[in-house]
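These notes are about the structure you will find just below.
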Amino acid sequence: MINNSIKEIANTVILHCQHTEAAQRENETPINTARFCTGRLLERTTNQLNTLADIAYDMGDGDLARYIQIQAERSEAGFTPTPI
C-alpha cells in the first residue's frame, strides 16, 4: 500500500514536469526563458525523484526504487522523465 503511494507521488512529480514543459511550449515562452525554467524544473524533479527512490528503498521495495532512480537519471541528463 505504501509503495503504491510512493509510485503515485513519483508519477505526480513526473506528470507535473511534463505538464509544465507542455505549457511553456503552448504559451510560446521565449527560448532563453524556457531553457532556464526547464533546467530548474528538471533539477527539482531530479531531487524529488531521488528522495522518493530513497524512501522506496528504505521501505524494502528495491525494484520501485530502481525504476524511480532511472527516471531521476533521465531528468538529470536533461530529458523529460516518463511515468512509471
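How many residues, within region 14-36, are out of contact with any Cys (no Cβ under 7 Å at 6 or more places or on another chain), outside any loop (DSSP other than H, G, I, E, B) and farther than 12 Å from THR82 by Cα?
12
Identify the residue in region 40-59 that is aliphatic (A, V, I, L, M) and more than 12 Å from the chain's Cα centre (by Cα) and, among all such residues, is farthest from GLU76 (Cα to Cα). Give the derivation first.
Restricting attention to region 40-59, the residues satisfying the condition of being aliphatic (A, V, I, L, M) are 41-42, 49, 52-53, 55-56, 59.
With more than 12 Å from the chain's Cα centre (by Cα) added as a condition, the list becomes 55-56, 59.
Numbers: ILE55: 19, ALA56: 19, MET59: 24 Å.
Per the criteria, the residue is MET59.
Condition first: farther than 21 Å from ILE70 by Cβ and either of a type in the set (Asp, Glu) or under 12 Å from the mean Cα position of the chain (by Cα) (or both). Now tell me which residues in region 1-39 satisfy that.
GLU26, GLU28
Looking only at region 38-49, filter to residues that are surrounded by fewer than 16 Cβ atoms within 10 Å (Cβ to Cβ) and not small (Gly, Ala, Ser); which one of those is nearest to HIS16 (Cα to Cα)?
ARG44
When residues of region 1-32 are filtered for being of a type in the set (A, V, I, L, M, F, W, C) and surrounded by 14 or more Cβ atoms within 10 Å (Cβ to Cβ), how many remain?
Count: 6.
Select from region 50-80 the residues that are acidic (Asp, Glu) and either surrounded by fewer than 17 Cβ atoms within 10 Å (Cβ to Cβ) or free of Cβ contacts under 8 Å to residues at least 24 places away in the same chain (or both) and list them in ascending order.
Taking region 50-80 as the starting set, the residues that turn out to be acidic (Asp, Glu) are 54, 58, 61, 63, 73, 76.
Listed by number, the residues that qualify are ASP54, ASP58, ASP63, GLU73, GLU76.
We did not get these values from a lab; they are worked out from the coordinates using the rules stated. What you see is a predicted model, and the numbers here were worked out from it, not measured in a lab. Please note: Cβ atoms are built from the backbone with ideal geometry, for glycine as well, and neighbour counts cover all protein chains shown.
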